[in-house]
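Accompanying notes for the structure given below.
The numbers here are math on the coordinates, done by the rules we state, and not lab data. The shown structure was predicted, so the numbers you read here are calculated from the model rather than taken from an experiment. As a convention, Cβ positions derive from the backbone with ideal geometry for all residues, glycine included, and neighbour counts pool all protein chains shown.
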Amino acid sequence: MPVNMTDQQLDSWVKEAEDGYDIDVLKKRGRGRPGRGARPSQVVAVRLTQEELHALDKIAAKQQMSRSELMRRAINTYTDVA
């Protein structure tokens, strides 16, 4: 897909790159989900049956939380991780 830009925009981006970037600005989170701590989180895929998923959703709705939050709380209940 072609990108429309002016020579002025391109020159500005080249100058910015040549001058260097502020690392602190680059490290600030932008879009996406908020972090869950000081270190990056890992996404783990879990296969559930329709029955398991229905039960999970029912409890999550009753507790007014997301599936993910309910699963994290369940894991924390059975481990020493808090």
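Quick notes on this one:
- Formal net charge of residues neighbouring Asp11 (Cβ-Cβ distance under 15 Å; K, R +1; D, E -1): -3
- Projected-area average for the chain over all orientations - Cα convex hull basis, square nanometres: 10.4
- Cα-based reach from Lys58 at 12 Å (exclusive), listing aspartates and glutamates while leaving out same-chain residues under 8 positions away: none
- Candidate lysines for bridging to Lys62, where Cα separation is under 24 Å - those fewer than 8 sequence places away on the same chain excluded: none
- Residue among Gln8, Val81, His54 farthest towards the positive dipole end of the chain, charges placed on Cβ: His54
- Computed label-point distance, nm, for sites Arg47 and Arg67 using a 7 Å Cα→Cβ extension: 1.5
- Summary of packing: across the peptides 15-21, 63-69, 42-48, the per-residue average of other C-beta atoms within 10 Å ranks them, highest first, as 63-69, 15-21, 42-48.
- Fully extending the segment from Asp80 to Trp13, taken as 0.36 nm per residue of separation minus the present Cα-Cα distance, adds 19.2 nm.
- Residues of type lysines that Lys27 reaches as a straight line, Cα spacing below 21 Å, ignoring anything fewer than 8 places off in the same chain: Lys15
- Acute angle (nearest 10 degrees) that the helix 7-19 long axis makes with the longest principal axis of the chain, alpha-carbon atoms: 70
- Cα-based helix-to-principal-axis angle, 67-78 vs the chain, degrees rounded to 10: 60
- 0 to 90° range, to nearest 10: angle between helix 50-63 axis and the chain longest Cα axis: 80
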